[in-house]
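**Student:** I am attaching a structure below and will ask some questions about it afterwards.
Every number here is computed from the coordinates shown, using simple stated rules; none is lab data. Nothing here was measured: the structure is a model prediction, and the numbers come from that model. Neighbour counts run over all protein chains shown; Cβ positions are idealised from the backbone, glycine included.
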Amino acid sequence: MSEVPPPGSTGAAASGGAAPPEPTTPPYSDRPVVFRGPESLGGLLLILAGLLAGVSLLLDWLADGDTSGWGFLRAAFDDLGDAFGSGLWQPLVILLGGGVLFVLGVLMWLPLRGHRLLGALALLVSLAVTAGVLVPLADAEWDLGFFGPGFWCAIAVAVLGLLGSLKALLTPPKRG
């Protein structure tokens, strides 16, 4: 008959074998895990940038003209092949970029492990929007009185897009 090992001893060591006892490992990881959560501030800034791009569709972009952002957008789509030659690429990039920033801002509210990829995409779009804002400003020799409230909203689209994308790109995932 076999002997019962004494309390506190197990396995081969209790039966007189030479094998040392194996350490027990927990069934879970002892390292911190990444929490899934939204990127609230970065997403909010990108959503605001997209909303301001929508508002700029309704407002006049030039102080002297009657052309709203919607008029510039329609003219850019009508002359899409020569948009770079006619200078209509700037409103096109600003307004469509604002729509993309809005969608990326909504996606930032999804509970993900990290939002750095979305932040990098938003940064690329924001840089294109910033270029679309800076080129007309340089052409007007930095005279801000030349522009109307629609273009001021376009400037805000660029600034909010840069801030929101950098916030999402530079914020590390939360660990706990």
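**Student:** Before rounding to the nearest 500, sum -39500 (n - 2.57) across all DSSP H runs of length at least 4 in the chain and divide by the residue total; then give [θ] at 222 nm in deg cm²/dmol.
**Tutor:** Calculated from helices alone, the mean residue ellipticity at 222 nm is -18500 deg cm²/dmol.
**Student:** Still on this structure, please answer the following. Taking N as the number of residues in the stretch 28-176, what value does Rg over Cα atoms divided by 2.2 N^0.38 Å take?
**Tutor:** Rounded to two decimals, the normalised Rg is 1.20.
**Student:** Over the chain, with a Gaussian network built from C-alpha contacts below 10 Å, which listed residue (Ala53, Ala19, Ala63) shows the highest mean-square fluctuation?
**Tutor:** Comparing Ala53, Ala19, Ala63 in the GNM, the peak value goes to Ala19.
**Student:** Now for a different question. To the nearest 20 debye, what is the magnitude of the charge dipole of the stretch 40-170 about its Cα centre, counting +1 on the Cβ of each Lys and Arg and -1 on the Cβ of each Asp and Glu?
**Tutor:** 940 debye
**Student:** Same structure, new question: Tally Lys/Arg at +1 and Asp/Glu at -1 over every other residue whose Cβ is under 14 Å from the Cβ of Gly43; what's the total?
**Tutor:** Overall, the nearby charge balance is +1.
**Student:** So who's got an amide H within less than 5 Å of the one on Leu62, skipping anything under 5 residues away but keeping other chains? H placed 1.01 Å off N, in plane.
**Tutor:** Those lying under 5 Å, H to H, from Leu62 are Thr67, Gly148.
**Student:** Which length gain, in nm to one decimal place, applies between Val135 and Arg175 when the Cα-Cα distance is subtracted from 0.36 nm times their residue separation?
**Tutor:** Gain in length upon complete extension: 10.2 nm.
**Student:** Along the charge dipole of the chain, which of Val33, Leu59, Leu144 sits closest to the positive end, that is, farthest toward it, with unit charges on the beta carbon of Lys, Arg, Asp and Glu (+1, +1, -1, -1)?
**Tutor:** Value: Val33.
**Student:** Follow-up question, since we're still on this one. Between helix 149-170 and the chain, what is the angle of the helix's C-alpha long axis to the longest principal axis, kept within 0 to 90° and rounded to the nearest 10?
**Tutor:** Here the helix axis deviates by roughly 20 degrees.
**Student:** How much length would be gained if the chain were fully extended between Leu144 and Glu22, taking 0.36 nm per residue of separation minus their Cα-Cα distance, in nm to one decimal?
**Tutor:** 36.4 nm
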